[in-house]
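Here the structure is laid out as structure tokens; the discussion comes afterwards.
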Amino acid sequence: MSRAHQSKVLLLTLCIVGLVWATHAQAHARLVTADPAPNATVAAPTLIRLQFSTTLAKKFSTFKLTDTDGNPVGIVMSDGSDTRTLAAKPAATLAPGLYTVSWTAVSTDDGHKTSGAYSFTVQ
């Protein structure tokens with residue numbers, strides 16, 4: 001096999017590996033939008049919605065809400081509007097303060113778990 005042919009084979013192999021890796025990485029669930037939005041200042045929300053980049057395994061995907069001191073705040077999970085959305089209603093009206101949403105999402109595409117957190121303020 002000539003050096004030119006070996007170089008072409010190597011380049012083609014690297015391209016294929018790159019495409020497979022990129023496709024695999026895109027399958028992980030990423031938070032796309034949230035309501036309330038990260039760093040937003042809002043009136044007390046009656047629903048918290050998180051939308052992800054891929055279809056979720058809802059049995060294994062969830063989020064929790066904590067207050068300024070890190071204490072858990074009661075929420076009641078509800079059906080999201082689609083297979084990419086998690087939603088919950090606060091169990092009681094949220095008092096003014098800083099709240100943190102901590103989420104875990106499992107993608108049905110690859111079964112990998114991702115997690116993250118963001119905060120919003122209730123005025």
- Item | Qualifying positions in region 65-123 - under 19 Å from Thr41 (Cα atoms) and in a loop (DSSP other than H, G, I, E, B) | Asp67, Thr68, Asp69, Gly70, Ala92, Thr93, Leu94, Ala95, Pro96, Gln123
- Message: Take the conditions in contact with a His (Cβ under 8 Å, 6 or more places away or on another chain) and either of a type outside the set (Ser, Thr, Tyr) or at pLDDT 95 or above (or both) and apply them to Thr83. Does it pass?
- Response: no
- Could you count how many residues in region 67-110 are out of contact with any strand residue (DSSP E or B) (no Cβ under 9 Å at 6 or more places or on another chain) and either of a type in the set (A, V, I, L, M, F, W, C) or surrounded by 13 or more Cβ atoms within 10 Å (Cβ to Cβ) (or both)? 2
- Item | Check on Asn39, at pLDDT 95 or above and out of contact with any strand residue (DSSP E or B) (no Cβ under 8 Å at 6 or more places or on another chain) | no
- Item | Residue among Pro72, Pro45, Pro90 that is touching a residue at least 40 places away in the same chain (Cβ under 8 Å) and farther than 15 Å from Thr33 by Cβ | Pro90
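The values are calculated or read from the model by the stated rules, or taken from the named source; none is laboratory data. Treat the numbers as computed from the prediction; the structure is a model and nothing was measured. Quick reminder, even Gly has a Cβ in these numbers, built from the backbone with ideal geometry, and neighbours come from all protein chains shown.
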